[in-house]
1. From the set of residues in the stretch 87-102 that are open to solvent by 20 Å² or more (accessible area, probe 1.4 Å) and touching a helix residue (DSSP H, G or I) at 6+ places or on another chain (Cβ under 9 Å), which is modelled with the highest pLDDT?
2. Of these, 75, 27, which one is buried (at least 18 other Cβ atoms within 10 Å of the Cβ) and in contact (Cβ under 8 Å) with a residue 24 or more places away in the chain?
3. Check 318, 325, 242 and return the single one that is in contact (Cβ under 8 Å) with a residue 60 or more places away in the chain, buried (at least 17 other Cβ atoms within 10 Å of the Cβ) and either among the aromatic types (Phe, Trp, Tyr) or in contact with a helix residue (DSSP H, G or I) (Cβ under 8 Å, 6 or more places away or on another chain) (or both).
4. Give 43, 66 a once-over and let me know the one that is crowded, with 20+ Cβ neighbours inside 10 Å, among the small types (Gly, Ala, Ser) and modelled with pLDDT under 80.
5. Of all residues in the stretch 162-180, which are open to solvent by 70 Å² or more (accessible area, probe 1.4 Å), under 21 Å from residue 241 (Cα atoms) and without any contact (Cβ under 8 Å) to a residue 60 or more places away in the chain?
6. In the stretch 261-276, is there at least one residue being more than 21 Å from residue 345 (Cβ to Cβ), of a type in the set (S, T, N, Q) and surrounded by fewer than 21 Cβ atoms within 10 Å (Cβ to Cβ)?
Amino acid sequence: MNRFDFSTAPYNALTTRQRTKLEKATDIVFFDDHATVISPQDAVETLYIIIKGIVQEVDADGEVLAIYHPSDSFDTRALFEQSYRHSFIAAEQSLLYAIPKAVIRELIEKNSEFGAYFFANIADKLKAQTGNKRENELAGLFTAKIKDAYRPYDELHSGEISLIQAGKIMQENKSKSLLIHHNGKIGLVAESLFRDVMIQSGDTLDPHAPIHQWACFELISADVDDFMFTALLKMMNHRIQRVVVTKNGDPIGMLEQIDILAFLSNHSHLIAEKLEVATSLGELTRVATQMNATIAALFSNGMQAKQLAQLMQVLNARLFEKAWRLIAPEHIIDKSCLIVMGSEGRGEQVLKTDQDNALIFDDDLTLEEVMPYTQAFSAVLDDFGYPPCQGKIMVNNPSWCKPISEFKQMVGSWCRTASGENMMNLAIFIDAKPITGKQELFYEVKDHLQFYLQNDVGMLMSFARVVNQFNEDGQGFFAQILGQEKRKMDIKKMGTFPIVHGVRSLSLQARITETNTFERINKLAEMGIIEKQLSQDVAEALAYLMHTRLKNGLFSIKHGLEVQPNQVATENLSTLERDLLKDALQVVKRFKHMVNAHFHLSN
């Protein structure tokens, strides 16, 4: 027989002796087009692994439940049962390894790592997949450039400014250093300068004397395109804490040791600090453009998509708040509430996607007064990298920028007329989160909405029915992609949307106030609305789908491709990733059945 492929999990966990035993016991079998590999109720004697070809799993109703590619195995669940539950049919000519069940069972008993794979849930398999990524943590030091972490300066200050003026500028900019120019030279003023001046000249100190008297003009610099490691070496060699960053020989900013530490340990600290000190839309734009690099670095170091989404919700909220406060006058801010909706409101968005936001304002303001600023805000978000929403659910659309009385009328009309569009608008708004301004306006609209929802069983059924929006033609999604040249799967339609909307529907009925889907699942489980094991499986499935979506999006960004994170090419997934995806989609199917039964929906 051909040599068995021991490079993939769980077979890479076998010892040399165990590999030899498995190879000797394994046969190679061939199945022609549409031939049945396994029939339901067949005795379970063999574990199959695909060498070449495609096999589909079909249930009693003829629905294709999964498709299996080279290196995939099936049916591992049946190894612990007496018979198979489904049919397995060769979708095209297929060559398979056939491993006797007795051999697999013996290896499971004697090799715990090998056996764990067959009993692991989605979360355990994902953890095993990403467990070693911390090893790459320090790799960032050798690959990151100074431009990834330095702090730009907008201007060089005159050396004639006084000592006290320099201190005030640093206080206002929340910076630890300042660049000045004097007699054609560039000088540095650092925090330690004030300490040294006080010690050396405390009795005769004139706080109005020009700062150039004390500034350091012997600067150590590094080019913005140098590696961060180069800057760190200069700091160590000269026993200094910062270098001046230059571009074409001109100073453009500063890089401090603390910036490097923040970059290596947690890039989010650096982003948060830059957001805090930003004083212009230009600075905010620079911070926003660095976010994808930060996400990629944290993801490569093992941070999961679920935690990354929570982190980005905090950073995005701060970014949007600062942008709105730089754009709108104070009296508009004080009389309005800026909200974000959809995945941003739920805290489940990592990479920048469509803008989903709205503005509610006091009745004594007019749309004409507000609109110039909301239009500017939407344009700035576009500059930040958040593309306009195709459905125009944005503050620059009068439909989503209203005085509170009209906003309350709008949400009431959604409940009275349960059209598909109204149900989707309701779903988007239910996930909303206030960002800045007069938050009482937002909560007044939410309370008004709850009044309409009380005991309206018909409306709740219409709302929940959207969970079936992307149901296919009854043959299942796997059956459809078999005929595609490029086997791409929309994991939002197939996975994340049914989970998010099903959980949202159950939460709306249970009057759960949380907006994050994972928090809603926990609440629903605590209330006994979702059985505990199913709630854990649904949460794990959603976490894995978010992981796959983020990985797909980062791959597109890295290779300069159009970012379509929901469109996953199944042939590019590893065997383990396909295995996890199949498990996740089976959980989604179980959960949809539960939601349909709960609300008495008929597809």
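1. Checking each candidate, the answer is 100.
2. Every option except 75 fails the conditions.
3. 242
4. Just a single option satisfies the conditions, and that option is 66.
5. 171
6. The answer is yes; a qualifying residue exists.
Conditions tested, residue by residue: (1) farther than 22 Å from residue 276 by Cβ; (2) in contact (Cβ under 8 Å) with a residue 12 or more places away in the chain; (3) among the charged types (D, E, K, R).
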{"position": "160", "(1), (2), (3)": "yes, yes, yes"}
{"position": "184", "(1), (2), (3)": "yes, no, no"}
{"position": "201", "(1), (2), (3)": "yes, no, no"}
{"position": "208", "(1), (2), (3)": "yes, yes, no"}
{"position": "211", "(1), (2), (3)": "yes, yes, no"}
{"position": "222", "(1), (2), (3)": "yes, yes, no"}
{"position": "227", "(1), (2), (3)": "yes, yes, no"}
{"position": "246", "(1), (2), (3)": "yes, yes, no"}
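Matching residues to (1) at pLDDT 90 or above; (2) within 26 Å of the chain's Cα centre (by Cα):
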residue: 426; (1), (2): yes, yes
residue: 444; (1), (2): yes, no
residue: 467; (1), (2): no, yes
residue: 471; (1), (2): no, yes
residue: 498; (1), (2): yes, yes
residue: 511; (1), (2): no, no
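The values are calculated or read from the model by the stated rules, or taken from the named source; none is laboratory data. Because the structure is predicted, anything quoted here is derived from the model rather than measured. Positions of Cβ are backbone-derived with ideal geometry, glycine not excepted, and every protein chain shown enters the neighbour counts. Heads up: the accessible areas ignore ligands, DNA and RNA and are worked out on the full protein's heavy atoms, side chains in. Shrake-Rupley method; radii C 1.70, N 1.55, O 1.52, S 1.80 Å.
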